[in-house]
1. Order of 2, 216 from fewest to most other C-beta atoms within 10 Å?
2. Starting from the Cα of residue 209, step 7 Å along the direction of its Cβ; do the same at residue 356; then give the gap between the two resulting points in nm.
3. Binning at 5 Å from 0, report for region 251-349 what percent of all alpha-carbon pair distances ends up in each bin.
4. Only helical DSSP H runs with n ≥ 4 go in: add -39500 (n - 2.57) per run for the chain, normalise by residue count and round the 222 nm mean residue ellipticity to 500 deg cm²/dmol.
5. By DSSP, what percent of the beta bridges with both residues in the chain are antiparallel, rounded to the nearest 5?
6. Determine the principal axes of the Cα atoms in region 1-47, then give the extent along each, sorted from largest to smallest and rounded to whole angstroms.
7. From the C-alpha coordinates alone, can you work out the Kirkwood hydrodynamic radius of region 153-192, in Å?
8. So for 303, 55, fewest C-beta neighbours within 10 Å to most, what's the order?
Ligand code: PHB
């Protein structure tokens, strides 16, 4: 029998009951100090029938923040808060990994300690505006990181991974997508460095590889996933040769034998038109488990699992509005519509558009 979305599977050492993954979704509803609280545990618990939950992107340090209301994974209080979440998901038989995030230049001094400038591979200001506690404000020109500063950032990923283990997660996902720090290093529209971290495909991949080495040495490659978005133009991103660059990255990841590679197969948030890219040949290069994401419905999800393109499929917006997405897919039941006005917080209280979408 061919596999489909409802087949069980194995991502490294993470056994999953089905191939329907909840994609990482920024929801801006953490408590004070970036501490997850009861309502966050309720939200994830409601969605625990996913084969795997990837949490919302979660800053690994105070400098990694770029939006209001984000949780963190670098203080004892945050670890205790996340423990509420992992306990709730595990009690329902679910699996959950945390997405480790550094936003790089997609931030604003008002969101950072002592109002310092955001950091990035190069001092290139992204077009657009930051979402801050004081409303939308133009992005600033970030400060280019000195090569001597990079080991401390790698250490922050390792420390966050230790925190994730303490908090009871089944694994971690390294966020190297969507125009945030690691992706800023990968793509030459944001990386104009002339040292060992810029220029060649190998040099631009170096920070990601160092982060993978550090994270996997803490938790194991069998519990580590990586997310890439080769052609997503969101956050003012571009690359002169995306196919060559990301084919190189896929090959460079193979030796790690990661739990999975998670791929955003296009552009998000109407960030512009994505460059052409052959995801089928990119996927051929990658030898491990492949998680496909972006715009999939049930039929297309089953198709890419049956034809071998993907081992599992991550659904984002459908999981916002349908806590029981797995049951709805199984029964061919209609889906609730998601309300974009409450994606990133709500003026009508934290539950609105968060934990109040009905199950069947
Ligand atoms: C967002 O907040 O819009 C956002 C966050 C993380 C992503 C993509 C988008 O990877």
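1. Values: 2 9, 216 21.
Lowest to highest Cβ neighbour count: 2, 216.
2. Inter-label distance under the simple model: 5.1 nm.
3. 2, 11, 18, 20, 18, 14, 11, 5, 2, 0
4. Working: 10 runs with 107 residues, N = 360.
Only helices count here, giving -9000 deg cm²/dmol.
5. Values: 8 of 40 bridges.
Percent antiparallel among DSSP bridges in the chain is about 20.
6. 49, 20, 16
7. Working: mean 1/r = 0.0870 Å⁻¹.
Its Kirkwood hydrodynamic radius stands at 11.5 Å.
8. On the way: 303 15, 55 28.
Listing 303, 55 from fewest to most nearby Cβ atoms yields 303, 55.
Each reported figure results from applying straightforward, stated rules to the coordinates on display, with no laboratory input. Quick caveat: nothing in here was measured; it's all calculated off a predicted structure. We place every Cβ from the backbone using ideal geometry, glycine too, and count neighbours over all the protein chains shown.
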